[in-house]
1. Would you kindly work out the equivalent ellipsoid of segment B:38-107 from its C-alpha gyration tensor and give its semi-axes, the square roots of five times the eigenvalues, largest first in whole Å?
2. Per-residue Cβ counts within 10 Å, from other chains only, averaged over A:73-80: what number is that?
3. Regarding segment B:32-187, what is the average projected area of its C-alpha convex hull, in nm²?
4. Exposed loop sites here are trypsin sites (Lys or Arg not before Pro) in DSSP loop states with at most 10 other C-beta atoms within 10 Å. What is the longest stretch of chain B lacking them?
5. Quick one: what Rg and Dmax do you get for segment A:78-217 from the alpha carbons, in Å?
6. Below 11 angstrom from the Cβ of A:F222, what's the summed charge of the other residues (Lys, Arg +1; Asp, Glu -1)?
7. Would you mind giving the mean number of other chain beta-carbons within 10 Å of the Cβ of each residue in B:81-88, as a whole number?
8. Quick one: net charge around B:Y73, please, counting Lys, Arg +1 and Asp, Glu -1 for every other residue with C-beta under 14 Å from its C-beta.
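The values are calculated or read from the model by the stated rules, or taken from the named source; none is laboratory data. From a predicted model like this one, the values you see are computed outputs, not experimental measurements. Please note: Cβ atoms are built from the backbone with ideal geometry, for glycine as well, and neighbour counts cover all protein chains shown. In case anyone asks, the SASA skips ligands and DNA or RNA and just uses the protein heavy atoms, side chains included. Shrake-Rupley method; radii C 1.70, N 1.55, O 1.52, S 1.80 Å.
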Amino acid sequence: MKDTNTFKPDYSGPVISVKNIAKTFGTTEVLKDISFDVKRGECLVILGPSGSGKSTMLRCLNKLETPTSGQIFFDGVDIINGKFNTNEIRAKLGMVFQSFNLFNNKDVLANCTLAQRKVLHRTKEEAEDIALANLERVGMSDRIHFRISEISGGQKQRVAIARALCMSPQALLFDEPTSALDPEMVGEVLNVMKELANEGMTMIVVTHEMSFAKEAADQIIFLDKGYIVDQGTPDYIFNQSTNERLRSFIGTDKK
Amino acid sequence: MSLFQQIGYLFQNSWQLYLYGIVSTIVLSIFGTIVGLFLGIFLALGEQIHVHKNSPWYTKAWQYLIIWICKIYSVVVRGTPMMVQAMIFYFGCLAMGLNWNDFLQNAKIFDGLFFAGLIIITFNTATYMGEIVKSGLNGIDNGQSEGARSLGMSRFQTMFSVALPQAIKNSIPTIGNEWIVNIKDSSVLNVIGVTELYFQAGQASNKNYFLVATYVIIAAIYLILTLLTNGILHLAKIKMDGKKINFGFSHFKAKKANA
């Protein structure tokens with residue numbers, strides 16, 4: 001068991017591998033028998049109607065929720081049953097939330113440096129350099145000393161992405177990152193996400209943005225009522241699938 | 001003598017007593033509020049210890065012990081008058097052979113009894129502060145903690161870097177209110193002979209029996225103290241909102257600049 005306590009950076013299998021996970025809240029079954037793999041550099045998009053368990057599944061991946069049964073492998077290591085420091089896993093799996101969840105008591109720069117200093121024990125200068133580089137990457141380097149209440153929703157979400165990137169994560173999880181934004185802001189956030197996907201960041205994205213799924217996804221999973229109803233490439237999902245539930249959800253059944 | 005003459009007489013002859021009383025009351029209220037806040041934070045955190053279901057039994061045992069000690073302490077102290085607590089503390093210490101009156105007997109303000117008073121007001125305020133901090137923490141959106149935890153920060157780091165600073169900032173009006181309450185409530189410490197304002201007023205009046213004048217004076221002093229405190233809290237609030245403090249002089253400055 002000893003060798004499972006360290007991550008293997010040269011591991012070449014899937015970054016995240018989910019095997020038969022199920023999750024119940026009380027008597028409500030939210031997830032049933034979910035399995036999928038995400039390879040390094042791949043962008044997985046999870047589609048599905050509200051209440052289908054998309055967010056719960058994403059939250060299981062970095063242990064904000066614990067699945068009732070099943071296994072999740074991160075870099076080939078079982079993170080559900082293995083004896084792990086949960087915080088170590090979370091530091092390697094960045095998460096971006098629908099409601100941003102930026103720290104309201106810090107400014108933009110401090111939001112990006114706080115966890116670097118506390119978790120990765122970087123020095124102040126090092127953390128600030130990394131934060132500035134990542135804020136530059138999302139186009140927010142001109143607002144570093146703004147308070148969170150002083151920037152718009154789209155800017156908040158871009159800062160949240162930069163904050164997650166600062167931890168040099170192995171993969172990024174996006175939980176409906178654009179659902180709380182107006183169409184213009186959606187565009188600016190999606191552009192950042194598309195760039196990240198093109199640069200080879202491993203991403204799992206829960207979204208209702210079909211255009212993003214079509215353009216950026218390598219693989220799409222369609223969830224309904226806790227099951228994976230269909231999965232495949234964007235071309236398969238949007239053009240070839242004959243699944244009725246999927247077709248009615250994405251609106252291709254009327255043609 | 002008319003009431004005003006009596007007030008004048010008291011000021012002339014006993015101003016020192018009043019002054020000592022004012023200093024004593026201010027120190028009691030400020031110390032009680034600030035140290036009480038720190039203790040209150042520990043009380044609130046103690047009551048909300050996260051007991052992990054996979055911890056070994058002895059860890060769970062002491063965690064539950066701390067939780068229950070904090071809860072019982074808070075309920076008992078908030079459920080009894082501070083005057084009664086002061087008596088129990090003072091005479092309890094006396095029964096155990098510790099007489100607070102023996103220390104620093106010659107001090108004008110900060111005598112042994114004063115320190116007994118400090119202890120009582122601090123431990124009393126801590127329970128109310130604990131409730132304030134607890135409700136402050138409840139008011140913080142869960143997403144704040146989730147954001148921090150998702151970055152790999154521990155429960156402890158999340159609490160002290162993210163949740164608690166926000167909870168305390170939001171609670172500052174309530175904490176300030178507790179300060180004002182303490183200015184007034186420190187008067188009950190006269191029962192054990194702490195030389196605060198109310199006690200000193202009694203000292204000032206016991207030679208001349210100008211009772212109405214005596215208590216009108218301290219009522220005015222208490223009012224001035226609480227109004228000043230209110231002013232300070234108001235300035236603190238403006239400062240925390242990130243605005244510049246304006247004492248009303250900017251109008252003059254603008255005129256000067258024009259001329």
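1. Values for segment B:38-107, descending: 35, 14, 12 Å.
2. 0
3. For the Cα atoms of segment B:32-187, the hull's average projected area reads 11.6 nm².
4. Longest gap between qualifying sites, sites excluded: B:54-206.
5. 14.7, 44
6. Local charge sum for A:F222: +1.
7. Going residue by residue through B:81-88 and averaging, the value is 0.
8. Here the count lands on +1.
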